[in-house]
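The values are calculated or read from the model by the stated rules, or taken from the named source; none is laboratory data. Small disclaimer: the values here were computed from a predicted structure and weren't measured. All Cβ positions, glycine included, derive from the backbone under ideal geometry; neighbour counts span all protein chains shown. Heavy atoms of the whole protein, side chains included, go into the accessibility calculation; ligands, DNA and RNA do not. Shrake-Rupley method; radii C 1.70, N 1.55, O 1.52, S 1.80 Å.
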Amino acid sequence: MVLKWLGRLLLLSFAAVILAPLLIVLFTSLKTTPQFYANPLGLPESLSFHNYQSLFDGQPMWGYFRNSIVVTLATVGLELLLAGFISYGIMRSGKRVGAAVFGLFAVGLMVPSQVNMIPIYTFVHKLGWSNSLTGLIIVSASVLLPLSVFMLSGFMKTLPKEILEAGEIDGAGEWTLLARIAFPLSAPYLAATAAFLFVIVWNDLLFPMLLLNGKDKLTLPLAMLQFRGEYITDYPVLLAGVVVTALPMIALFIFLQRYFISGALAGSLKG
């Protein structure tokens, strides 16, 4: 009984640590700038949505939203397609070949993205993809591919081999097995991976800062830097932008929560 209550107390403490910064961000976005500097951690004297209005009146926020949505959806879609093909191939290639290919992608996880910044920029510039959403999508998908393969390969190994063998007996080829059996059975795993990748790509600042320089091509995290001045930063408006930026991620998690949890637990629940 005591351990049970200690566990609950620990979970409540953890929830408070997570919730406190979120509430500070939300309350600050509802303050005026003088209120913020007078009492940074206090409650707002009155609820004001002026910062949100200023956010959309003074900046082309809908354009930034469009850029972020295009980059994120295209990157995640391309990533799932490529990682799904590769992970299926690893599963079907036998232990030696599959382990060798998986090892190559595992090595890719050991190399920090920051190390490749100069080669990536040079490569993108030579291809004429500088300041291009297309270049950003391809670079983001390439950098995240080892992580996606690492996640999906583990998921693919939990697929019942008997079903694939039954499909082979019925005359199905590899593409049919992939499209009609492997991918449908992997839907929870794909959704879990998609949710994870969505958060990474949506919040990415490094590669948009490296590859984009036109104001009409900015993504939301990069656009938030415009609210930082040389001598003073408008924190209430900046944090209002943070709240707006976080809303799609919250909606996505609510929508994919069932798939995310089932996909995350699938490996541990498998026989």
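A few remarks follow.
- Of all residues in region 86-115, those that are loosely packed, with under 15 Cβ neighbours inside 10 Å and over 20 Å from the mean Cα position of the chain (by Cα) total 11.
- Listed by position, the helices (runs of 4 or more DSSP H) inside region 166-224 whose residues that are within 30 Å of ASN116 (Cα to Cα) and aromatic (Phe, Trp, Tyr) number at least 1 are 187-202, 206-211.
- The residue pairs whose first member lies in region 134-147 and is in a helix (DSSP H, G or I), whose second member is of a type in the set (D, E, K, R), and whose beta carbons are closer than 6 Å, counting only pairs six or more residues apart or on different chains, are ALA141/GLU79; LEU144/GLU79.
- Restricting region 123-133 to residues that are open to solvent by less than 60 Å² (accessible area, probe 1.4 Å) and in a helix (DSSP H, G or I), the residue that is nearest to PHE198 (Cα to Cα): LEU133
- Single residue of region 61-85 satisfying the filter (touching a residue at least 60 places away in the same chain (Cβ under 8 Å) and under 27 Å from LYS161 (Cβ atoms)) that is surrounded by the fewest Cβ atoms within 10 Å (Cβ to Cβ): PHE85
- Residue in region 253-269 that is under 18 Å from LEU22 (Cβ atoms) and modelled with pLDDT of 85 or more present: no
- Qualifying residue in region 35-43 (condition: closer than 30 Å to SER148 by Cα and in a helix (DSSP H, G or I)): no
- Residue in region 145-172 that is least open to solvent (accessible area, probe 1.4 Å), counting only those that are of a type in the set (Gly, Ala, Ser) and over 23 Å from GLY77 (Cβ atoms): GLY167
- Residue check, LEU239 modelled with pLDDT of 85 or more and surrounded by fewer than 17 Cβ atoms within 10 Å (Cβ to Cβ): no
- Note on region 26-48: residues that are open to solvent by 80 Å² or more (accessible area, probe 1.4 Å), under 13 Å from PRO236 (Cβ atoms) and touching a Ser or Thr at 6+ places or on another chain (Cβ under 9 Å) total 1.
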